[in-house]
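The numbers here are math on the coordinates, done by the rules we state, and not lab data. Predicted model, so just to flag it, every value in this text is computed and none were measured. Note that we place each Cβ from the backbone using ideal geometry, even for glycine, and neighbour counts take in every protein chain shown.
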Amino acid sequence: MKKVLIICIFCFPFLTGCNNVDATRSSAEPVAAGHSQTPGPVQIPDYAGLVDEYQRMLREDPNNLAVIIALGNTYFNTRSWSNAVRAYDQALKIDPRNADVHVNMGTAYRYLGRPDRALEEYRSALKNDPGNADARYNMGAIYAFDMNRHDLAISIWENLLQREPDYPLAGDIRNYIEAFGKEHRRGGS
């Protein structure tokens, strides 16, 4: 049973797309690429049960990084941003260079209305993983949609497309660059 649970812990974030998938989010956030499956009834995970199980596991092993991250991802997926930040903070105390955790934490801060703090997390992700495309995409989103700094957003997104022309949201980025570029030429920010 414990072996199955551990496998679920490692697989759950990928199945739920913890980094960025949420049907209610705006298109200004990255969507993790997933596998196509035959359409059918959507099963919503028992998030409350997952939280309880992760907390039980952490009582037994308080420094289990995988479980701490899984707990943070569960909070992230349920839009419990403050709890997600707390879990990610705990994970970063163990593994301060984990770029994916920095990205998720940054996005949680964005939803908490703290775009400056979110940018700090994205910068930390890039410091530890200079090729992290999601950090770049999210930075652009904050500059474009939260701070109305379209010039900075365009610069960041152009850099992202130069590095990763096949980024899953490349089409959206190109549309944003075109739209914000036109606005900028008309005298906007």
(message) Take Glu164 and Asp52, extend 7 Å from each Cα along the Cα→Cβ direction, and tell me the distance between the two endpoints in nm.
(response) 3.7 nm
(request) Would you mind ranking Glu178, Glu60 by Cβ crowding within 10 Å, fewest neighbours first? (result) Glu60, Glu178
(request) Only loop residues by DSSP count here, and only those with at most 16 other Cβ atoms within 10 Å; note down the trypsin sites (Lys or Arg not before Pro) in segment 37-99 that meet that. (result) Arg79, Arg97
(message) When a/c reaches 1.5 or more, the comparison of a/b and b/c decides; with that in mind, is segment 113-189 rounded, prolate or oblate per its Cα gyration tensor?
(response) oblate
(request) May I ask you to sort His150, His102 by Cβ crowding, counting other Cβ atoms within 10 Å and putting the fewest first? (result) His150, His102
(request) Starting with the fewest neighbours, write out Val67, Val101 ranked by other beta-carbon atoms found within 10 Å of each beta-carbon. (result) Val67, Val101
(request) Run the dipole for segment 113-189 about the Cα centre, Lys and Arg Cβ at +1, Asp and Glu Cβ at -1, nothing else charged, and hand back the magnitude in debye, nearest 20. (result) 240 debye
(request) For Asp61, put the label point 7 Å out on the Cα→Cβ axis and report which residues of segment 85-99 keep their amide N under 16 Å from it. (result) 91, 94-95
